[in-house]
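> The structure under discussion is supplied below as structure tokens; questions concerning it will follow.
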Ligand code: AOF
Ligand code: ZN
């Protein structure tokens, strides 16, 4: 690891302090170095509050050193007036001669303009240090701006023998059968709290009446997104309890939205996935976790519109039942949550 990488790595560490609080802004970290020593550090904490570079510059005690220093930032310094003024202008005003940038800001309001402005002002600018790591840090923000859709995580649990659910026993009330252990279930609630939205298909909601919240983890509840083409979901279901913002995709127009329950009419004769993600994009949703069933998960896979899959394989065997979704396995990592195997697949298409 060379010197630039060492300091950008520190920027990434600092940026991560903002996990969960910077939305809709990205996580950004910055360090200021003079004579191979860090003389200032900062990170972006919250939208509307100062950017990383501002906090880093403010933290430098002897401001006269800035004229000889290097500022490292995990993301290109901004060039626009948003909720806060441009960071480039502050760097230029403080006459910091060297700027090292992890990666270019995908936000079209910036998108290289910050770098151009710094170069035009005479700074030495290096771009693309630990670029992949800096992109990964803000995978949700990057996907949202570059692909104009949320970052999509597919999640399901399957039995040892590859089933999503056991065979339905006719004329008997169907109770949900747990595939995963309690630790995995809590982890799923943590994951839900990390994304802005959660999606479930009609059948899952009809069968399981899920709450789709984070009750086993302290954290934000994601926006609930539910497909209900023919208004089959009972109004008594938890998803209609108004406790969390809920968006329902339906085909009929005679549904009335309330403050927390919003009906969106889409054309179910067309592919629904692009229509859904367009609405999510309009709602500024940068990430979503898709919690099945089979039809919903498989349709995202078939459309190849997904970024990451998190698959639990439990200890249980069903022998018969609903087959789990089929995924072309790509970059895969495996971990274990007690007895459950957890497979993480990234889609790099
Ligand atoms: C930076 N440093 O620490 C962050 C940046 O509304 P504003 O003023 O907060 O601007 C938000 C945009 O600024 C955001 O969408 C992204 O493009 C950039 N974020 N830029 O120079 C930072 N957080
Ligand atoms: Zn900025």
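> Give the Rg (one decimal place) followed by the Dmax (whole number) of the chain, computed from C-alpha coordinates and expressed in Å.
Answer for the chain, Rg first and Dmax second: 23.3, 79 Å.
> How do the peptides 121-129, 194-202 rank, highest first, by the average count of neighbouring beta carbon atoms within 10 Å per residue?
Working: 121-129: 15.6, 194-202: 22.4.
Result, highest mean first: 194-202, 121-129.
> If you fit an axis through the alpha-carbon atoms of helix 272-282 and take the longest principal axis of the Cα set of the chain, what angle between them do you get, 0 to 90°, nearest 10?
Between helix and principal axis, roughly 40 degrees.
> Sorted by packing (mean other beta-carbon atoms within 10 Å per residue), highest first, where do 245-251, 24-30 land?
24-30, 245-251
> Can you put 37, 63 in order, fewest other beta carbons within 10 Å first?
The fewest-first ordering by Cβ neighbours comes to 37, 63.
> Please say if the range 121-198 is rounded, prolate or oblate, where rounded means a/c under 1.5 for a ≥ b ≥ c the square roots of the C-alpha gyration tensor eigenvalues, and otherwise the choice is prolate for a/b larger than b/c and oblate otherwise?
Taking the square roots of the gyration eigenvalues as a ≥ b ≥ c, the range 121-198 is prolate.
> Could you tell me the calculated FRET efficiency between residue 21 and residue 167, based on Cβ-Cβ distance and R0 = 51 angstrom, to the nearest 0.05? Numbers along the way, then the final one.
Values: r = 45 Å, r/R0 = 0.88.
Once the sixth-power term is evaluated, E becomes 0.70.
> To continue, here is another question. Can you tell me what share of the DSSP beta bridges in the range 149-346 is antiparallel? A percent to the nearest 5 is fine.
The antiparallel proportion sits near 40 percent.
> Using a Förster radius of 25 Å, what is the FRET efficiency between residue 37 and residue 132 based on their Cβ-Cβ separation? Nearest 0.05, please.
0.35
> Let me have the 222 nm mean residue ellipticity of the chain computed from DSSP H runs of 4+ only, each contributing -39500 (n - 2.57), with the sum over all residues rounded to the nearest 500.
The helix-only estimate for the chain comes to -7500 deg cm²/dmol at 222 nm.
> Measuring from a point 7 Å past the Cα of residue 181 along Cα-to-C-beta, which residues in the range 310-343 have an amide N at less than 13 Å?
Within reach of a label on residue 181: 313-316, 336-342.
> Please state, to two decimals, what the Cα-based radius of gyration of the range 3-142 comes to when divided by 2.2 N^0.38 Å (N = residues).
Dividing the Cα radius of gyration by 2.2 N^0.38 Å gives 0.91.
> For a quick size check, give me the Cα extents of the range 223-296 along its three principal axes, largest first, whole Å.
That gives 28, 26, 24 Å along the principal axes, largest extent first.
> At 0.36 nm per residue, and after removing the present C-alpha to C-alpha distance, how many nm does the segment from residue 68 to residue 124 gain when stretched out fully?
19.0 nm
> Also, quick follow-up: Over the Cα atoms of the range 149-346, what is the Rg over Rh ratio if Rh follows Kirkwood? Intermediate results must be reported in sequence, preceding the final value.
Working: Rg = 16.3 Å, Rh = 17.3 Å.
Rg/Rh: 0.94.
> Springs between alpha-carbon atoms under 10 Å, Gaussian network over the chain: tell me which of 284, 255, 275 tops the mean-square fluctuations.
Highest fluctuation among the options: 255.
> What does the extension gain come out to for residue 190 and residue 348, with contour length at 0.36 nm per residue minus their alpha carbon separation? Could you put the intermediate results ahead of the total?
On the way: separation 158, 0.36 × 158 = 56.88 nm, distance 2.45 nm.
That works out to 54.4 nm of additional length.
Computed from the coordinates by the stated procedures, all read-outs in this text should not be read as laboratory data. In this text, all values refer to a predicted model and were calculated from it rather than measured experimentally. Using ideal geometry, Cβ is built from the backbone for each residue, glycine included, and neighbour counts are taken over all protein chains shown.
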